[in-house]
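The values are calculated or read from the model by the stated rules, or taken from the named source; none is laboratory data. Everything numeric in this text was worked out from a predicted model, so none of it was measured. Positions of Cβ are backbone-derived with ideal geometry, glycine not excepted, and every protein chain shown enters the neighbour counts. Side chains included, ligands, DNA and RNA excluded: accessible areas come from the protein's heavy atoms. Shrake-Rupley method; radii C 1.70, N 1.55, O 1.52, S 1.80 Å.
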Amino acid sequence: MENLFEISELYLQYNSRKGVSGREEKVNALNGVDLDIRRGEILAIAGESGCGKSTLAKALIRLVKPQRGIIKFEGQDLAGISSEAMKAFRQKVQMVFQNPYASLNPKMKIYEILEEPLVINTSYPKDKRQEVILEKISQVGLDKDCLEKYPHEFSGGQRQRIAIARALLLEPVCIVADEPVSALDVSIQAQIINLLKDLKEKYNLTIIFISHDLRVIKYLSDRVAVMYLGEIVELAPSKELFSNPKHPYTKALLNAIPSFEKKKIAEDLLLKGDLPSVTNLPKGCLFHTRCPQVMEICRTNHPILEGKDCVRCWLYNRLTD
Ligand code: SF4
């Protein structure tokens, strides 16, 4: 399958002010991300909050600029492209945000919200704009009557459908969905997930799905990249990752998923302690302070993401070498 994105050695740091002292600290949000994203796949990026997955999503769509590294889209380095090419890129790659309450302007009717990107980005006449809006709103399962209403008149699930319709207006090839269902009731989550799945099939979309919810990821994704402290620690096809996780962090995340069948959570797989501070990364393997299988080498040497299974772990690489 052809690569849509090719990401190599991505580093992103930003300054943050700490507590009441207001002291400035450097946050190491991305610490060398390498990742290819294939056209037409649903790639999930998983991990605890603070692991860098949302920053990676923002870096991909150039909402934030990494200090180092390369992001290629359709073979072109995004750092060096013209403003015209950047405009075309922004049309091809759309974002759906976590909070459908905040992402729609409360003062505009839904029709105006949906018409705005078409007015800005296309030369469509009024009747063509109307045709596109009616088509997209029906594709996300809403009635045309909704177009005369304001965002506050809708439920969370309906607002997320409107946000998805807006993302589809400019015929994107890729949607970056950042925790798109985590603000919704569980009963509504399934509807939005199924909608994304259907739209992916209909338009051969590439979907980059950012989530901390592994149950949703298991259902939706083709491949999964697991992130920890700003780097990818395991990358695998979804079926394989859920049936045979290799990295101790992935194992711990899967072990922590509540399930009716599971009688007990395996103690030996439990994470120790909290996520270390992103302003002061551990030496060696970034996961060593919490890893149930830590060895001496892990405290001093930083493993790389390697091998056919794409696992960043001394334990696994040693055993398979
Ligand atoms: Fe654990 Fe060591 Fe593997 Fe890191 S390299 S995940 S500390 S076993």
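List of remarks:
- None of R129, R62 is surrounded by 13 or more Cβ atoms within 10 Å (Cβ to Cβ), under 27 Å from the mean Cα position of the chain (by Cα), of a type in the set (K, R) and within 26 Å of N204 (Cα to Cα) except R62.
- The residue list T279, T289 contains one member that is in contact (Cβ under 8 Å) with a residue 12 or more places away in the chain, surrounded by fewer than 15 Cβ atoms within 10 Å (Cβ to Cβ) and closer than 30 Å to K18 by Cβ, which is T279.
- Flag if E112 is acidic (D, E) and either within 30 Å of N255 (Cβ to Cβ) or crowded, with 20+ Cβ neighbours inside 10 Å (or both): no
- Those strands (runs of 3 or more DSSP E) of segment 132-244 in which at least 2 residues are crowded, with 21+ Cβ neighbours inside 10 Å, at negative phi and in contact with a Pro (Cβ under 9 Å, 6 or more places away or on another chain), considering only elements entirely within it, cover 206-211, 223-228, 231-237.
- Whichever residue in segment 249-258 is at pLDDT 90 or above and touching a helix residue (DSSP H, G or I) at 6+ places or on another chain (Cβ under 7 Å) and, among such residues, is most open to solvent (accessible area, probe 1.4 Å): K251
- Options K53, K92; residue that is within 26 Å of I137 (Cα to Cα), of a type in the set (D, E, K, R) and touching a residue at least 24 places away in the same chain (Cβ under 8 Å): K92
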